[in-house]
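Only one structure is covered here, and it is reproduced in the block below.
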Amino acid sequence: VSIPKLLKGKGLIIGVPAAFSPSCSESHIPGYINYKNLKDAGDVFVVSVNDPFVMKAWAHDLDADKKSGIRFLADPDCKFTKALDLDFDATPVLGNHRSKRYALVIEDGKVKEAHVEPDNTGMSVSVVDKVLG
């Protein structure tokens, strides 16, 4: 999947440190899934340094009926995340480099706003209310 090719208009890329982790599964991503006006954000992608099977299972767990329209994408080798310089060394806890928690607002294929958590994993600037109001 080539995200730049998919994001020709408006869009949102949400990066998370780990699928199925408590904060990602209980509040961060559900906040976007349940956001009333998410469709106004354009195409929405959730990216995590996990394998495709994990991401498919996580998507099913969080949004089984796919009503939100969010696409869950795997970045198994951390290539996409590293290309954005949004990775951090999570080896002591998660066993490898992982994605920082972030939300990128995209317009015409370019990053218009970057909401990157200053401590890599917190939820102060990348939550839906801060990103989409």
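Read-outs throughout are calculated quantities, based only on the coordinates presented, and are distinct from any laboratory measurement. Quick caveat: nothing in here was measured; it's all calculated off a predicted structure. Glycine also receives a Cβ, built like all others from the backbone with ideal geometry; neighbour counts cover every protein chain displayed.
State yes or no: is V93 of a type in the set (V, I, T), over 15 Å from the mean Cα position of the chain (by Cα) and not in a strand (DSSP E or B)? In short, yes. For L73, the requirement of being under 12 Å from the mean Cα position of the chain (by Cα), surrounded by fewer than 21 Cβ atoms within 10 Å (Cβ to Cβ) and not in a helix (DSSP H, G or I) is met.
Determine, yes or no, whether I29 is at negative phi and assigned to a helix (DSSP H, G or I). Here the answer is yes, as I29 does meet what is asked. If I filter the stretch 80-133 down to residues being hydroxyl-bearing (S, T, Y) and surrounded by fewer than 17 Cβ atoms within 10 Å (Cβ to Cβ), which single residue comes out as nearest to S68 (Cα to Cα)? The residue in question is S124.
Would you mind stating whether A114 is farther than 19 Å from S25 by Cα and not in a loop (DSSP other than H, G, I, E, B)? Taking the combined requirement at face value, the residue satisfies it. Among the residues of the stretch 40-61, those identified as aliphatic (A, V, I, L, M), over 15 Å from V128 (Cα atoms) and touching a strand residue (DSSP E or B) at 6+ places or on another chain (Cβ under 8 Å) are V47, V49, V54, M55, A59. Residues in the stretch 35-69 that are more than 15 Å from the chain's Cα centre (by Cα), acidic (D, E) and not in a helix (DSSP H, G or I): D65 alone.
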